[in-house]
Structure formats: C-alpha cells, structure tokens
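None of the figures in this text is laboratory data; all of them are computed from the coordinates on show. Since we're looking at a predicted model, the values are computed, not measured. Quick reminder, even Gly has a Cβ in these numbers, built from the backbone with ideal geometry, and neighbours come from all protein chains shown.
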Amino acid sequence: MDSAAGVLDVVVIGAGQAGLASAHALRRSGLRHVVLDAEDGPGGAWRHRWPTLRMATVHGIHDLPGTPFDPPPPDVPAREALPAYFADFERRNGVEVLRPVRVSAVRDRDGLLVVATDRGEWTTRALISATGTWTHPFWPRYPGQELFRGRQLHSAQYAGPEEFAGRHVVVVGGGTSAVQQLLEIAEHATTTWVTRREPVFRSEPFTPEVGRAAVALVEERVREGLPPRSVVSVTGLVLNEAVRAAVDSGVLRREPAFERITEDGVVWPDGRFQRADAILWATGYRAALDHLAPLRLRGPGGGVRLDGTGVVADPRVHLVGYGPSASTVGATRAGRAAVKRIKDLLAARVPA
C-alpha cells in the first residue's frame, strides 16, 4: 500500500517483534493499515546483534503469533537465526512490510495523523509505534571523555573480541550485554568491569511469576509518565555456569563508577588510576521516539504516560515494545491489546 492510498485506519512503524505482532492482529481486524520499517530486510534489531552472539546465550524467544519458533543449534549466530524466523513469519502470515521506509515525523493535521517519511506521507486515524530502542544507544558523559586517545565504542558497535587482543578494555554497564561481551573480550584481553550500581545476580529459575513481577514494576513507571527501566534491570543478571565461573575467577569483579577520563585511562574519586586502550560503553538504549516529538507526548516526568499501550495524552497513538512490553513475550501480547483498543476507539468515533 503506497502513500497515495488515502486515509488509513492504522500505520505501524517498525517490524520487529512488536510491529509484527501488531501487524498479525491487524490482518484479522479488518482495519486498513500499512507497516513501515526502516530496515533493508526482516529481523528488526536482531539484524544488528554482534556476530559472536550465539543462540546458546540468547534469552528465551517467545513465539510470534501462530508461528512456533523452532530453535536452531546453539552455535548459530542470533543475527542469522532470528531474521530468518521473522522472514518466515512474514511469508506464512501474509504480512506485507514496506521497507526500507524511514519515518522522520508524525504530526497532527485536522484530527488525523500524518506520517512523514523518505518515501512520502501516509495519513492515518491511529498509529502504532513499535520502534524499539536499538537506534538510540545511550552514551554517558564523563569529564575528560573527549581527551581519551584510545577507542570508545558502544555495545551496539561491538563486532567481536578479537580486535582487543593484548589490550586493556574498560567495560561500563551492568546489563546482560555488558556481561556477555566482557566474557568474550576477557579471553583475548585484560578487562575492568565498571557499574553504577552493585550488580544483582539471580541463581533461581526465571519463572513466569518473576517475569510478571518485573513487568509490573516497569509498568508502574510508565503509568506515572516516567522513563521506563528495562525489564532486565529489574530482574537482575542470570547466574549461569559461565557467569559463575567468571565471578569466582575475578573476571567479573565489579568496580564502582569512575570520576573522570584521561588521555590513557580512567580515574576514581580516591585517585586510583586504570590504564585503558578502549572503553566499551555497554550502557543500554533509550526509546526511539524522536519521530513523535511534534505530538508533544512526553510529560513533565520525562517519559510518555501510558494506559496499557495507549498514550494518555493522545489515545490515537499506541506504543508497543515500550516499557513493560519491551520483551518478546510482552511485545506479542501488547500488539494484540493495541489493535483491540484502536478498533474500539475508531468504532466509537464513526458517526451513527
């Protein structure tokens, strides 16, 4: 469906897990819609995962609707397995995705939403934004950062451990990516692990109850209009065999946040210095919502206040894969919920 298709019922922005789950529900809803995706092919953020991330270390992948995920061998790269699964889902379910289409802005025009892109404009009565976080890596700022003569990279740019062979790498971040990438690098280089907070390791099984409790905490923040924390930040780090061995050996010995960066290392408040050849900022991501800025959806708390998936300030707009639905299982459920809410909203607005 091209941009000259007239007024649509729904435009979906993004075709990762959240966008595809929403598209699946829309195909069964009778609503006129289009799915726009900035990527060159299926897979969403999985297309960009580092090449040494194997399926053996990927957290559980929840099935897309109606298409069971048949896990490949554990040594298959995630950046190959998941895009192939997404492509299969699109083919099996007849989900048409226009790509690459890059959305620049969404604006209100006479009660309708106009989606501006590099391939024209789409006009719609409602919107599902499923843009995730991958395109918005978060880079902290420290005094002296611009003076550092070594390499600084975000975990989104990490391509594997071999380039760090024989060097010292400071890894900053307390999430799963930080731990996984540090363990790889430590086989080729020396490392220092830095986190703002003391890491919490979880040795007990990650049960559905634990997951629901974590999602509830994130959901509470978005209901209050605060920027969401990741679900992983609430659940803690999985203490598997490899992580336990790294903790016992001292490879995963955490240092608190340093105070400043010099030309060749980092310095803590007590004056301790650590020489570094590289700083890997495994410091997470922020929600990619710049395209929604013209709608002024952010509240005084810095986040977007939601009621379920719907934006309180503008019920025409739904965020799927944001906050409590920023997980494979959460995104699938949220996609269905968003479509139901939108269908009810549009039905109520049709003149009798």
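If only Cα atoms are counted, what is the Rg of segment 217-350, and what is its Dmax, in Å?
Over segment 217-350's Cα set, Rg and Dmax evaluate to 20.7, 67 Å.
So if each residue of separation counts as 0.36 nm, and I subtract the Cα-Cα distance between Arg296 and Arg254, what length gain in nm does that give?
Gain on extension, Arg296 to Arg254, equals 11.1 nm.
If you bin every alpha carbon distance in segment 79-150 into 10 Å steps from zero, what whole percent lands in each bin?
Binned Cα distances yield the sequence 13, 29, 27, 19, 11, 1.
Hey, could you pull the Cα Rg and Dmax for segment 295-348, both in Å?
Here Rg and the maximum Cα pair distance are 11.3, 32 Å.
Grab the other residues whose beta carbon is less than 9 angstrom from that of Ile342, score K and R as +1, D and E as -1, and report the net.
Residues close to Ile342 contribute a combined charge of +3.
Give me D for segment 28-156 in µm² s⁻¹, whole number, from Stokes-Einstein with Rh from the Kirkwood sum over alpha-carbon pairs, 25 °C and 0.890 mPa s.
138
At a 10 Å Cβ-Cβ cut-off, how would you order Ser22, Ser203, Ser177, fewest neighbours first?
Going from least to most buried by this count: Ser203, Ser177, Ser22.
Quantify how much of the Cα-Cα distance distribution of segment 22-78 extends past 17 Å, in percent.
Pairs farther apart than 17 Å: 55 percent.
Would you compute, from DSSP H runs of 4+ residues alone, the mean residue ellipticity of the chain at 222 nm, taking -39500 (n - 2.57) per run and dividing by the full residue count, rounded to the nearest 500?
-8000 deg cm²/dmol
Over its Cα atoms, what ratio of radius of gyration to 2.2 N^0.38 Å does the chain give?
1.05
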